[in-house]
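Read through the structure below, which is laid out as structure tokens, and then see the notes.
The values are calculated or read from the model by the stated rules, or taken from the named source; none is laboratory data. Since we're looking at a predicted model, the values are computed, not measured. Here the Cβ positions follow ideal geometry from the backbone for every residue, glycine too, while neighbour counts run over all protein chains shown. Only protein heavy atoms, including side chains, enter the accessible area calculation; ligands, DNA and RNA are left aside. Shrake-Rupley method; radii C 1.70, N 1.55, O 1.52, S 1.80 Å.
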Amino acid sequence: MSNIVVLVKQVPDTYSERQLTEDDYTVDRESTDQVLDEINENAVEAALQLKEAGGDYTVTALTVGPESAKEALRKALSLGCDEAIHVCDDALAGSDVLGTAWTLSQALNLVDDIELIICGNESTDGNMGTVPGLISEYRQIPAVTGLRSFSVENGTVTGESAREEGVYNLEAPTPAIISVTEKANEPRFAAFKGIMAAKKKKIQQVDLEDIGVDAANVGLENAATSVTGYAPKPEKSAGEIITDEGDGGTKFVEFLANEKLI
């Protein structure tokens, strides 16, 4: 039996106003509800569809985060994931994408015979989209990213990636890491049966020592990037009304040019 690992993340609810802490400018997790990132539900759905299509897979959800992040794993389990792993360690607080990706890469060693690692194309809190590429480099496996559809057959993953320049047909041997967009599928809702079953499923919690990660490579103090300040989002201003007196088209083009939109 092969394994599929889905990388999931707990993030501030997108319907709440996200804030940063005043001291170190990290995400203030106490100021808003924390939820499973929406794009992760697409990743979970992609893994479950592969299994339900006849694939002999165990689907494991993996996350790195504080104690509360286990709720994101519990949601993934309620949707249908078989197992879950939670990397939880105080030394991880404030880690940037490099530290997080390295920790995820090392945690993947806890799972044998991985055929596919699936994640969302980018998280809704960081919007960087670099984790697949970093894990690809750390583990020396192919990365096939931004997929709107894909399939796995005979040790090969093939998919379509829609970019601004057009649609690319991509292919790579497994094991591989892929990222999916919200166009890849329609995530299912957690049924009552799944919610109850998730309560009985064990979440394997490990710390940095368990996966061989040196605390000197993670955390806020060791991050390669930092936030030195921030400002609130500006208030919305009233739009500009253009009165068409026979030259409406010209005025509209001038407006777009002034706003550097063309």
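Condition check ((1) on the phi > 0 side of the Ramachandran plot; (2) in contact with a Leu (Cβ under 7 Å, 6 or more places away or on another chain); (3) among the β-branched types (Val, Ile, Thr); (4) open to solvent by less than 100 Å² (accessible area, probe 1.4 Å)) across all residues:
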residue	(1), (2), (3), (4)
190	no, yes, no, yes
202	no, no, no, no
257	no, no, no, yes
261	no, no, no, no
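Picking from 248, 219, 194, 212, which residue would you name as being at pLDDT 90 or above, open to solvent by less than 40 Å² (accessible area, probe 1.4 Å) and more than 22 Å from the chain's Cα centre (by Cα)?
The match here is 194.
Check whether at least one residue in segment 88-106 is closer than 23 Å to residue 196 by Cα, open to solvent by 10 Å² or more (accessible area, probe 1.4 Å), at pLDDT 95 or above and in contact with a helix residue (DSSP H, G or I) (Cβ under 7 Å, 6 or more places away or on another chain), and report yes or no.
No, segment 88-106 contains no residue that is closer than 23 Å to residue 196 by Cα, open to solvent by 10 Å² or more (accessible area, probe 1.4 Å), at pLDDT 95 or above and in contact with a helix residue (DSSP H, G or I) (Cβ under 7 Å, 6 or more places away or on another chain).
If we keep just the residues of segment 61-77 that are of a type in the set (A, V, I, L, M, F, W, C) and assigned to a strand (DSSP E or B), which is farthest from residue 89 (Cα to Cα)?
Start the filter on segment 61-77 by keeping residues that are of a type in the set (A, V, I, L, M, F, W, C), which leaves 61-62, 64, 69, 72-73, 76-77.
Checking which are assigned to a strand (DSSP E or B) leaves us with 61-62, 64.
Details: 61: 18, 62: 14, 64: 9 Å.
Step by step, filter segment 61-77, then rank; the result is 61.
Within segment 131-147, take every residue that is crowded, with 19+ Cβ neighbours inside 10 Å and among the small types (Gly, Ala, Ser) and give me the one that is farthest from residue 175 (Cα to Cα).
Taking the candidates together, the pick is 146.
Among the residues that make up segment 121-130, is at least one of them of a type outside the set (Phe, Trp, Tyr), closer than 29 Å to residue 216 by Cβ, at pLDDT 95 or above and open to solvent by less than 40 Å² (accessible area, probe 1.4 Å)?
Checked against the condition, which is being of a type outside the set (Phe, Trp, Tyr), closer than 29 Å to residue 216 by Cβ, at pLDDT 95 or above and open to solvent by less than 40 Å² (accessible area, probe 1.4 Å), segment 121-130 yields no hits at all.
Count, please, the residues in segment 148-175 that happen to be among the aliphatic types (A, V, I, L, M), open to solvent by less than 50 Å² (accessible area, probe 1.4 Å) and more than 24 Å from residue 98 (Cβ to Cβ).
Residues that pass the stated criteria total 2.
Can you report the number of residues in segment 105-156 which are in contact with a Ser or Thr (Cβ under 6 Å, 6 or more places away or on another chain), among the hydrophobic types (A, V, I, L, M, F, W, C) and more than 21 Å from residue 36 (Cβ to Cβ)?
Number satisfying all stated conditions: 1.
Do any residues in segment 188-212 that are under 27 Å from residue 105 (Cα atoms) have Cβ atoms under 6 Å from those of residues that are open to solvent by 60 Å² or more (accessible area, probe 1.4 Å), where the two are at least six apart or on different chains, and which pairs are they?
Matching pairs, first to second residue: 198/74; 203/70.
Here are some conditions: (1) more than 25 Å from residue 134 (Cβ to Cβ); (2) open to solvent by less than 70 Å² (accessible area, probe 1.4 Å). Residue 53 meets all but one. Which one does it not meet?
(2)
Going by the conditions given, is residue 46 in contact with a Ser or Thr (Cβ under 8 Å, 6 or more places away or on another chain), crowded, with 18+ Cβ neighbours inside 10 Å and hydrophobic (A, V, I, L, M, F, W, C)?
no
Looking at (1) surrounded by 18 or more Cβ atoms within 10 Å (Cβ to Cβ); (2) touching an Asp or Glu at 6+ places or on another chain (Cβ under 7 Å), can you tell me which one residue 179 breaks?
(2)
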